[in-house]
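J.: Mind having a look at this structure? Questions to follow.
Quick note: the coordinates plus some simple rules give every number you see, no bench work behind them. Note that the coordinates shown come from a computational prediction; the quantities given were computed from them, not determined experimentally. Every residue, glycine among them, receives a Cβ derived from its backbone with ideal geometry; neighbour counts consider all protein chains shown.
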Amino acid sequence: MAEFNIPAHGTICWRELATHDLESSTTFYKEMFGWELKPSTISPVPYIEIHIDGQAVGGMMAIDSSWGPEPPPSHWSTYVAVSNADETAVAIKASGGSIRHGPFDAPGVGRIVLAADPCGVMFAAIEFERPPA
């Protein structure tokens with residue numbers, strides 16, 4: 001299992017590819033950059049983790065029918081670690097940004113809010129679950 005430490009608030013911490021062709025995408029990135037790609041052991045949905053030098057740094061998932069009747073095009077997302085997703089959602093709106101989805105719970109991972117800055121640039125904020133003591 002790759003090592004993963006909960007990053008500090010405000011840290012860019014995860015990159016995620018949502019794609020209409022997961023098989024082609026995994027083949028491309030593995031061959032292009034030599035990434036180690038492994039099925040997630042914590043995600044309740046099919047999810048491929050990107051491991052570089054023993055560190056989990058991102059993931060890939062398929063855009064499927066669960067995304068609704070008009071799913072987005074394939075895209076990369078950037079996640080920023082936060083200490084509290086709900087408070088961050090309020091602060092995003094107060095600062096002129098918008099909330100696109102959430103906050104919502106991702107079981108085994110944490111609490112996520114999908115947002116956009118005042119210019120419409122999308123990003124995600126994530127409050128990671130703390131491991132049991």
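J.: Which of SER95, SER83, SER40 ends up with the largest GNM mean-square fluctuation for the chain, with Cα atoms connected below 10 Å?
T.: Highest fluctuation of the listed residues: SER95.
J.: To the nearest 10 degrees, how steeply does helix 22-33 sit against the main Cα axis of the chain, on a 0 to 90 scale?
T.: 80 degrees
J.: Tell me, what is a quarter of the convex hull surface for the C-alpha atoms of the range 58-133, in nm² with one decimal?
T.: Average projection, Cα convex hull of the range 58-133: 5.9 nm².
J.: Could I ask something else about it? Within a 10 angstrom radius of the beta carbon, how do PHE128, PHE123 rank from fewest other beta carbons to most?
T.: The most exposed by this proxy come first: PHE123, PHE128.
J.: Could you line up VAL90, VAL113 from fewest to most neighbouring Cβ atoms inside 10 Å?
T.: VAL90, VAL113
J.: Further, regarding this structure: Can you give me the angle between helix 85-94 and the longest principal axis of the chain, using Cα atoms only, in degrees from 0 to 90, rounded to the nearest 10?
T.: Orientation of helix 85-94: about 60 degrees from the principal axis.
J.: Kindly provide the helix-only [θ] at 222 nm of the chain, computed as the sum of -39,500 (n - 2.57) over DSSP H runs of four or more divided by all residues, to the nearest 500 deg cm²/dmol?
T.: About -5000 deg cm²/dmol.
J.: Please give the length that would be gained between ARG130 and TRP76 if that part of the chain were fully extended, namely 0.36 nm times their separation in residues minus their C-alpha to C-alpha distance (nm, one decimal).
T.: Extra length from ARG130 to TRP76 when fully extended: 16.9 nm.
J.: Something else: Report the per residue volume, in Å³, of the convex hull enclosing the C-alpha atoms of the range 1-61.
T.: Convex hull of Cα atoms, per residue: 95 Å³.
J.: Taking just the alpha-carbon atoms of the range 90-133, what radius of gyration and Dmax come out, in angstrom?
T.: Gyration radius and largest Cα-Cα distance of the range 90-133: 11.9, 41 Å.
J.: Between GLU87 and LYS38, with labels modelled 7 Å along Cα→Cβ, what's the label distance in nm to one decimal, could you check?
T.: 3.3 nm
J.: Mind sorting ARG100, ARG130, ARG111 by how few other Cβ atoms lie within 10 Å of their own Cβ, fewest first?
T.: ARG130, ARG100, ARG111
J.: Could you tell me which label, among (i) 66, 49, 13; (ii) 22, 17, 13; (iii) 24, 19, 14, carries the value of semi-axes √(5λ) of the Cα gyration tensor in Å calculated for this structure?
T.: Given (i) 66, 49, 13; (ii) 22, 17, 13; (iii) 24, 19, 14, the calculated one carries the label (iii).
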